[in-house]
Amino acid sequence: MNRPEELAAWQLFRWNWVVLGLMAVALAAALALTGFSIAPDSALKPAAIVGAYIGYAYYSCCRRKDSDPKVIFILGSTGQVLLIPVLMPPLTYVAAAADLPMQDAALHALDRALGLDWMAWFNFFYERHALLVATVLAYSMIGWPVFGVPLVLGWTRRYRRLQEFTMAFAIALVTTTVISALLPAMGTYDLLKFMPDPEVFTPGAYLAQLHDLPLVRDGTMRHLSFDSLAGIITFPSFHAAAAALYLWAFWPVRWVGPAAAVANIAMLVATPIGGGHYFVDVIAGIAVAAFAIAAATAIANRITGRTAAPAFAAVPVAAE
């Protein structure tokens, strides 16, 4: 690596390890200070996958004379981004164990004050089978950009934006976890005492939360497994935060940006139904993403000494 942008991106890549290291320390401390534990054998698969990506990235960087920065950043950043949702889900369970008062009534009241009717929103999609199928698909798309963002940004040599995304992704997940501990909620389906016909639609992710969250709050669930961890955050919605982060990451790439906008707006639309979220959860998730992007960009600028640029500005790419 000899281009200034590549060197700056590599510097940020190494600093992202500091962020991930702090998350790992927080997890280790949380497990040591609470009654929670994690099944060791359940960590083998995620550790092997992350290790393979990171290991080959460092091998290419440090051992191969013909190493390609694209390969290094795509594989290395994929490993880092994959590590974030490995470290954080156990912490969401520890955070939920604080067992602070539920805020469902307040969140629902905020929705109504904004003139937003969750049940009307649900019925609009539920009564239109094609839209309901599209909603299920859109809500499930949260996972693929974890691979897509490093691939697209790495292939187009937007290495700096890739490192900023990694840092923003981590900041957003930490922020949602902290807020969810302070303002826990069970979600709309539980508050409204409503569940759709399972023959037509089942909010699978929400049902996992509905099972795990009460057990965590009453102290029954303390032994965790990476194989079965669910997303137990209601407010703010990490689905909404992720959609905003993905849109920001893909936006500079002209041949991907418009498609990413459609896909991630669809995920935002699907979030209240797929995750049993209040509308204010979605609004708060977008706000968390905006905060994470601003924080990551400011930190990156401070580290590299660059002047701040608008969040959705085009990212220059050096000539081949």
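Evaluate the following for Ala96: is it among the aliphatic types (A, V, I, L, M) and farther than 14 Å from Thr271 by Cβ? Yes; evaluated as a whole, the condition is true for this residue.
Are any residues in the range 219-278 assigned to a loop (DSSP other than H, G, I, E, B), small (Gly, Ala, Ser) and touching a Ser or Thr at 6+ places or on another chain (Cβ under 6 Å), and if so, which ones? Matches in the range 219-278: Ser225, Ser237, Gly276. When the range 43-74 is limited to residues that are under 21 Å from the mean Cα position of the chain (by Cα) and touching a residue at least 60 places away in the same chain (Cβ under 8 Å), the one that is farthest from Gly154 (Cα to Cα) turns out to be Ala43. Residues considered: Pro101, Pro69, Pro85. Of these, the only one that is at pLDDT below 90 and open to solvent by 50 Å² or more (accessible area, probe 1.4 Å) is Pro85. Restricting the first member to the range 109-132 and to residues that are open to solvent by 80 Å² or more (accessible area, probe 1.4 Å), and the second to residues that are part of a loop (DSSP other than H, G, I, E, B), the beta-carbon pairs closer than 8 Å and six or more apart or on different chains are Leu110/Tyr278. Pairs meeting the criteria (first residue in the range 145-156 and closer than 14 Å to Phe13 by Cβ, second residue open to solvent by 20 Å² or more (accessible area, probe 1.4 Å) and among the β-branched types (Val, Ile, Thr), beta carbons under 7 Å, at least 6 apart or on different chains) are Pro150/Ile74; Gly154/Ile74.
Please go through the range 299-311 and pick out each residue that is surrounded by fewer than 19 Cβ atoms within 10 Å (Cβ to Cβ) and either in contact with a Leu (Cβ under 9 Å, 6 or more places away or on another chain) or at pLDDT 95 or above (or both). Show your work before the answer.
We begin by selecting, within the range 299-311, every residue surrounded by fewer than 19 Cβ atoms within 10 Å (Cβ to Cβ); these are 299, 301-311.
Across the range 299-311, the qualifying residues are Ile299, Ile303, Thr304.
Could you list, in sequence order, the residues of the range 187-202 that are more than 19 Å from the chain's Cα centre (by Cα) and either surrounded by 14 or more Cβ atoms within 10 Å (Cβ to Cβ) or not in a loop (DSSP other than H, G, I, E, B) (or both)? Explain how you work it out, then say what you get.
Taking the range 187-202 and keeping what is more than 19 Å from the chain's Cα centre (by Cα), we get 188-202.
Of everything in the range 187-202, those that are more than 19 Å from the chain's Cα centre (by Cα) and either surrounded by 14 or more Cβ atoms within 10 Å (Cβ to Cβ) or not in a loop (DSSP other than H, G, I, E, B) (or both) turn out to be Thr188, Tyr189, Asp190, Leu191, Leu192, Met195, Pro196, Phe201.
Just to be sure before I move on: is Ile283 open to solvent by 70 Å² or more (accessible area, probe 1.4 Å), modelled with pLDDT of 90 or more and in a helix (DSSP H, G or I) in the structure I sent? In short, yes. Might you check whether a residue that is of a type in the set (Gly, Ala, Ser) and under 30 Å from Ile303 (Cα atoms) occurs anywhere in the range 109-116? No, there is no match, as no residue in the range 109-116 is of a type in the set (Gly, Ala, Ser) and under 30 Å from Ile303 (Cα atoms).
The values are calculated or read from the model by the stated rules, or taken from the named source; none is laboratory data. Everything numeric here is computed off the predicted structure, so don't read it as measured data. When we count neighbours, we look across all protein chains shown, and the Cβ atoms used for this are built from the backbone with ideal geometry, even at glycine. Calculation scope for accessible area: heavy atoms of the full protein, side chains included, ligands and nucleic acids excluded. Shrake-Rupley method; radii C 1.70, N 1.55, O 1.52, S 1.80 Å.
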